[in-house]
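Just so it is clear, none of the values below were taken in a lab; they were calculated from the coordinates. In this text, all values refer to a predicted model and were calculated from it rather than measured experimentally. Cβ sites come from the backbone with ideal geometry, for glycine too, and all protein chains shown count toward neighbours.
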Amino acid sequence: MRVLLVEDEADLGLAVKQVLINEKYVVDRVPDGIQAWHCLESQWTDYSVAIVDWLLPELSGLELCQRLRQRQNPLPVLMLTALGQPENRVTGLDAGADDYLVKPFVMSELLARLRALQRRSPQLQSQNLTVGTFTLDYANSALHVGLAPTLQTIPLTMKEFQMLAYLMQNPNRILAGSKIRQQLWDLEADPISNVVAAQIRLLRRKLASYSCDCPIETIPGQGYRFNLCS
């Protein structure tokens, strides 16, 4: 799941980003509302949720949220702010925020609120994603293949997990390597051009080591597909 984090306090932004990365999120952090808006308008990235500070330079979090709703964009928004009075919360929610977290906060509460948004929002991924005989287990960073009593459980690295999640969310759809790279590596990363091919080779080797056929098909000149017919 890809998160847009809009926070101008550098230390807090970096701390939140690292916590989210540890929870298997792909995170883009930007320091102001204008940059956030450019990210949201980009054709290259699809965000599942935005975490937005209210008091941002250039374009406030409140104005950013209003713009989203004016465009009929249903992206779930968690608003962060030091403004904790009831009237502030009402203003934030009326602007279109889905939830509201007052600073200072503990990271466990931030994660809990993200999970709550996930349960309420149909566009966010559930804790298990099943496609054919493949089930991606979010809680344990693992892939379950097959059915009992021959069920195989394959542990995954963070990037293997993210790669499979993105492909399994788009079964039988050809995804260009450039699209996958833009979606699975954050804006601050500078991955080499063949990073997607290299990661998929590693994933295929991992599955083969467990005697599991890999459903990821290479379509020459086009990209990759999670092929249910393979």
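If packing is taken as the average count of other Cβ atoms within 10 Å, what order do 154-160, 101-107 fall into, highest mean first?
Answer by packing, highest mean first, reads 154-160, 101-107.
On alpha-carbon atoms, Rg over Rh for the chain using Kirkwood Rh?
1.00
With +1 assigned to the C-beta of every Lys and Arg and -1 to the C-beta of every Asp and Glu, and no other charges, what is the dipole magnitude of the chain about the Cα centre in debye, to the nearest 20?
Approximately 1000 debye in magnitude.
With unit charges on the beta carbon (Lys/Arg positive, Asp/Glu negative), name the residue among Val49, Leu203, Gly92 whose Cα is farthest towards the positive pole of the charge dipole of the chain.
Leu203
Of the DSSP beta bridges with both residues in the chain, give the percent that are antiparallel, rounding to the nearest 5.
50 percent
Rounded to whole Å and sorted largest first, what semi-axes of the equivalent ellipsoid does the C-alpha gyration tensor of segment 34-152 yield via the square root of 5 times each eigenvalue?
Semi-axes, largest first: 34, 17, 12 Å.
When the dipole is taken about the Cα centre of segment 126-189, and only Lys, Arg (+1) and Asp, Glu (-1) are charged at their Cβ, what size is it in debye, to the nearest 20?
Around 220 debye, computed over segment 126-189.
Using mean Cβ contacts within 10 Å as the protection proxy, how do 32-39, 170-177 order, highest first?
Listed from highest to lowest mean packing, they are 32-39, 170-177.
So if the hydrodynamic radius of segment 59-100 is defined as the Kirkwood radius over C-alpha pairs, what does Stokes-Einstein give as its diffusion coefficient at 10 °C and 1.306 mPa s, in µm² per second?
Taking Rh from Cα pairs, D becomes 155 µm²/s.
For His38, put the label point 7 Å out on the Cα→Cβ axis and report which residues of segment 1-30 keep their amide N under 17 Å from it.
4-8, 28-30
What relative contact order, as a whole-number percentage, does the chain give when Cα pairs under 8 Å and 6 or more residues apart are counted?
For the chain, the relative contact order is 15 percent.
For Lys206, what charge total do you get from the other residues with a beta carbon under 14 Å from its beta carbon, if Lys and Arg give +1 and Asp and Glu give -1?
That works out to +2.
What is the Cα convex hull volume of segment 156-223 when expressed per residue in Å³?
88 Å³
Can you sort Thr81, Thr130 by how many other beta carbons sit within 10 Å, fewest first?
Starting with the residue having the fewest Cβ neighbours, the order is Thr130, Thr81.
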